[in-house]
Amino acid sequence: MIWIDIATPKYAHFFARLIPYLENVLVTARYSKDYIEVKEILDSYNLKYHLIGNYGGKNKKDKFLARLKRQEEFLNLFEKTEYPKLLINGAVVDSSQFAYGVGIPIITFYDTPIVLKPNYNKIHYNLTPVSKLTLPFADIVYYPFVIPKEIFEKNNINTKSYNFIDVCLWMKDIKKNEKKDFRKKYNIPLNKPTILIREEEYKAHYVKEKKPFIYELIKRLKNENFNIVVIPRYGSEYLKKEFPFAYIIEDKLKPEEFYPFIDFFVGAGGTMTLEAVYMGIPTISMRSIWLIHDKYLIDNKLMLWTNNIDEAIKYIKQNIGKKFDNKRFFCKSECNLKNINKEIKEFYENIKISN
């Protein structure tokens, strides 16, 4: 049996493309009342899964206790079913350390191994806490071409690179279909430009504090002739109270329901920013940190990164409604998992033979 553990929305999309290639797969996913996206994405793909554990939140102690409880639930699950022969995940601490502890080989996918310093031209090859707690335990780490291989070599990690950025896997087939326009569902005016805003993942280990930039921008945009749409990261009630003039979307929308119908994207995270840029939507990142993908997008002039509200508003007014041809920056060859699937199957067969 192959075990796939999914803890983030990005890897829900990613592994939904890998699972059909594999046989005898058991999927686990993380879920809590303020962290529901993984479950909703898996449901949209009609995948079967076990909900194991929850998101620990921002507090380090709560994160640690949530990991311990989740690992105990893994143990209970596999005692009832069977122990997997292989774990595949997206650098999830809970499952990586459990698998290593009970002797299950690990293949992990990861694209955010380091956080860059403010002077991003000088890359510091220091692994993030999650990387340190997962990558050294993996038998193979797969990563996209934008990450310098030296990061892994310095830390003696066995790696394989692939020639695309992950988001193209699920974004490449999206086409505009007026029947799917999310604006109609939420009574958002069709005669005004629409700005979509995504909160930062401020409870994540790599975010030191909740920055005010994106919320200040929303306030400043109130008097502009734009539809302001906000997709929350966690809860939404405080956003509704703070920004009654904005459209707060609580439902998990499919990418084809909103990307073809927005005129500008402001992100403070990773995956949706990449998705928007891939779709050619003018994009600003107001993230409090820089990761490798951010550097790649900035270096290729595919987005603006700023925490200056005046600069952001100027850029929005200059570029809202424009479309760019960015897809060539996301894939060096074919964007699919065929070769990776073949390698995983060979690795899995060798495990079975050796056992």
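The values are calculated or read from the model by the stated rules, or taken from the named source; none is laboratory data. Source: prediction; values computed, not measured. Heads up, the Cβs are rebuilt from the backbone with ideal geometry, glycines too, and the neighbour counts pull from every protein chain shown.
If you go through segment 121-180 and keep only what is in the same structural domain as M272 (by TED's automatic domain parsing) and of a type in the set (G, A, S), you end up with nothing.
Taking segment 261-276 as the range and being assigned to a helix (DSSP H, G or I) and over 18 Å from K175 (Cβ atoms) as the test, the residues that pass are T271, M272, T273, L274. When restricted to residues that are under 19 Å from the mean Cα position of the chain (by Cα) and at pLDDT 85 or above, segment 230-250 contains 5.
The rows are residues; the columns are (1) more than 20 Å from T271 (Cβ to Cβ); (2) of a type in the set (K, R); (3) modelled with pLDDT of 95 or more; (4) surrounded by 14 or more Cβ atoms within 10 Å (Cβ to Cβ).
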| residue | (1), (2), (3), (4) |
| --- | --- |
| I36 | no, no, no, yes |
| K39 | no, yes, no, yes |
| K60 | yes, yes, no, no |
| K63 | yes, yes, no, yes |
| L77 | yes, no, yes, yes |
| T81 | yes, no, no, no |
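Among the residues of segment 277-291, those that are of a type outside the set (G, A, S), surrounded by 22 or more Cβ atoms within 10 Å (Cβ to Cβ) and not in a loop (DSSP other than H, G, I, E, B) comprise V277, Y278, T283, I284.
All conditions but one from (1) under 21 Å from T134 (Cα atoms); (2) surrounded by fewer than 20 Cβ atoms within 10 Å (Cβ to Cβ); (3) under 16 Å from the mean Cα position of the chain (by Cα); (4) not polar (S, T, N, Q) apply to H13; the one that does not is (2). Cβ-Cβ contacts under 9 Å between residues 6 or more apart (or on different chains), taken from a first residue in segment 12-30 that is not assigned by TED's automatic domain parsing to the domain that holds I52 to a second residue that is surrounded by fewer than 20 Cβ atoms within 10 Å (Cβ to Cβ), are absent. Within segment 240-260, being out of contact with any Pro (no Cβ under 8 Å at 6 or more places or on another chain), within 10 Å of V229 (Cβ to Cβ) and either among the charged types (D, E, K, R) or not in a loop (DSSP other than H, G, I, E, B) (or both) holds for Y247, F258. Does K301 satisfy the condition of being touching an Asp or Glu at 6+ places or on another chain (Cβ under 6 Å), in a loop (DSSP other than H, G, I, E, B), charged (D, E, K, R) and outside the structural domain of L18 (by TED's automatic domain parsing)? In short, no.
Hey, among the residues in segment 299-348 that are polar (S, T, N, Q) and closer than 21 Å to K222 by Cα, which one's surrounded by the fewest Cβ atoms within 10 Å (Cβ to Cβ)? Among those that are polar (S, T, N, Q) and closer than 21 Å to K222 by Cα, it is Q318.
Across segment 304-316, the qualifying residues are those that are in contact with a strand residue (DSSP E or B) (Cβ under 8 Å, 6 or more places away or on another chain) and outside any loop (DSSP other than H, G, I, E, B), and the one among them that is farthest from G280 (Cα to Cα) is E311.
When D294, D325 are checked against the criterion of being assigned to a helix (DSSP H, G or I) and either out of contact with any Phe, Trp or Tyr (no Cβ under 9 Å at 6 or more places or on another chain) or not aliphatic (A, V, I, L, M) (or both), a single residue qualifies: D294. Taken over segment 214-239, the criterion of being closer than 18 Å to Y259 by Cβ and outside any loop (DSSP other than H, G, I, E, B) is satisfied by N227, I228, V229, V230, I231. Filter segment 85-98 for residues that are buried (at least 23 other Cβ atoms within 10 Å of the Cβ) and touching a residue at least 60 places away in the same chain (Cβ under 8 Å); which is nearest to T271 (Cα to Cα)? Only one residue tops the list, namely G90. Within segment 288-299, residues that are in contact (Cβ under 8 Å) with a residue 12 or more places away in the chain sit with their Cβ atoms under 7 Å from residues that are in a helix (DSSP H, G or I) and of a type outside the set (D, E), at 6+ positions apart or across chains, in these pairs: H293/L274; L297/V277. Within segment 173-191, residues that are free of Cβ contacts under 8 Å to residues at least 12 places away in the same chain sit with their Cβ atoms under 8 Å from residues that are exposed (fewer than 14 other Cβ atoms within 10 Å of the Cβ) and in a loop (DSSP other than H, G, I, E, B), at 6+ positions apart or across chains, in these pairs: K184/L190. The set of residues in segment 149-202 being part of a helix (DSSP H, G or I), more than 16 Å from V230 (Cβ to Cβ), touching a Leu at 6+ places or on another chain (Cβ under 8 Å) and at pLDDT 90 or above consists of L169, K184.
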